[in-house]
Amino acid sequence: KDYAVTMLVDLSGSMRGDKIQETFKGAVVLAEVLNRLSINTEVLGFNDRIHEYQPFGQPMSADVRDHMGGMLKEVGTGRAMWNDDGWAVMQASERLARQKAAEKFLIVLSDGQPAPSPSHSSSKYELGSVVKNVTRETDQKLIGLGIGNGTSHVEHYYPNSIADINVKQMAGSLAGVIREAIANYDQF
């Protein structure tokens, strides 16, 4: 089938440690698999800006893998004090909308509540509203994954979601979600 998949990874400070380590591993493994299946894939990170790790149309390579390693450092920067979820989902959705694929998935991996920076604190970036707009006004399937314990708020924002994903089981959970979403596209 004709798919496009965007993975949007939270790079706020609360992702430090095991959360980003395991999320990074899961994102790399999944990107590798999707690329081998010739599925158009994009890997982005976010805090108060978008970090492009693998743009659509670029095959997985040693350079892309190395660049994705930047996720591990980004959670320790000054930008990591922000979690601009609503703005980042809007940006990722706009990028995904430009793809010609018949079936589009936007997968958000996050552990925290939105904590918008001053640059993206406008009500138009409120996460709940952005999610409703994406699900109502696009052909994209939006999935939220809550990384670690205490992430039940993900279910509040994303109608298709899994909360409280055990950090050590991140890669398997991510693979399961993709498999389920592809197999049951119309149910998402």
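So which lysines pass the test for Lys100, namely a Cα distance under 24 Å, with those fewer than 8 places away in the same chain ruled out?
Of all the lysines, those that pass the test against Lys100 - Cα under 24 Å, at least 8 places apart if same chain - are Lys1, Lys132, Lys141.
Where does the chain land at 222 nm, in deg cm²/dmol rounded to the nearest 500, when only DSSP H runs of n ≥ 4 count, each adding -39500 (n - 2.57), divided by all residues?
Working: 7 runs with 74 residues, N = 188.
It lands at -12000 deg cm²/dmol.
May I ask you to order 173-186, 148-161 by the average number of other C-beta atoms within 10 Å around their residues, highest value first?
Packing order, densest peptide first, comes out as 148-161, 173-186.
Among DSSP beta bridges lying fully in the range 38-188, give the percent that are antiparallel, nearest 5. Kindly include the intermediate steps, with their values, before the conclusion.
Details: 5 of 15 bridges.
Antiparallel bridges: around 35 percent, rounded to the nearest 5.
Filter the trypsin sites (Lys or Arg not before Pro) in the range 53-121 to those in DSSP coil with at most 12 other Cβ atoms within 10 Å of their Cβ, and list the result. Walk me through the intermediate numbers first.
Numbers: sites: Arg65, Lys73, Arg79, Arg95, Arg98, Lys100, Lys104; in loops: Arg98, Lys100.
Hits after loop and neighbour filter: Arg98, Lys100.
Assuming a ≥ b ≥ c are the square roots of the Cα gyration tensor eigenvalues, decide whether the range 148-188 counts as rounded (a/c under 1.5), prolate (otherwise, with a/b larger than b/c) or oblate.
Working: a/c = 4.97, a/b = 1.26, b/c = 3.94.
It is oblate, given that a/c is not under 1.5 and a/b is not larger than b/c.
Just to be sure I understand: if I project the alpha-carbon convex hull of the range 59-153 onto a plane and average over all orientations, what area do I get in nm²?
Details: hull surface 30.2 nm².
For the range 59-153, the mean projected area of the Cα convex hull comes to 7.6 nm².
Classify the range 1-145: rounded, prolate or oblate, from the alpha-carbon gyration tensor (a ≥ b ≥ c, eigenvalue square roots; a/c under 1.5 rounded; otherwise prolate if a/b is larger than b/c)? Intermediate results must be reported in sequence, preceding the final value.
On the way: a/c = 1.99, a/b = 1.09, b/c = 1.83.
Oblate.
Which order do you get for Leu127, Leu72 if you rank them by accessible area with a 1.4 Å probe, largest at the top?
Descending order: Leu72, Leu127.
The values are calculated or read from the model by the stated rules, or taken from the named source; none is laboratory data. Note that the coordinates shown come from a computational prediction; the quantities given were computed from them, not determined experimentally. Quick reminder, even Gly has a Cβ in these numbers, built from the backbone with ideal geometry, and neighbours come from all protein chains shown. What goes into the accessible areas is simple: the full protein's heavy atoms, side chains included, and nothing from ligands, DNA or RNA. Shrake-Rupley method; radii C 1.70, N 1.55, O 1.52, S 1.80 Å.
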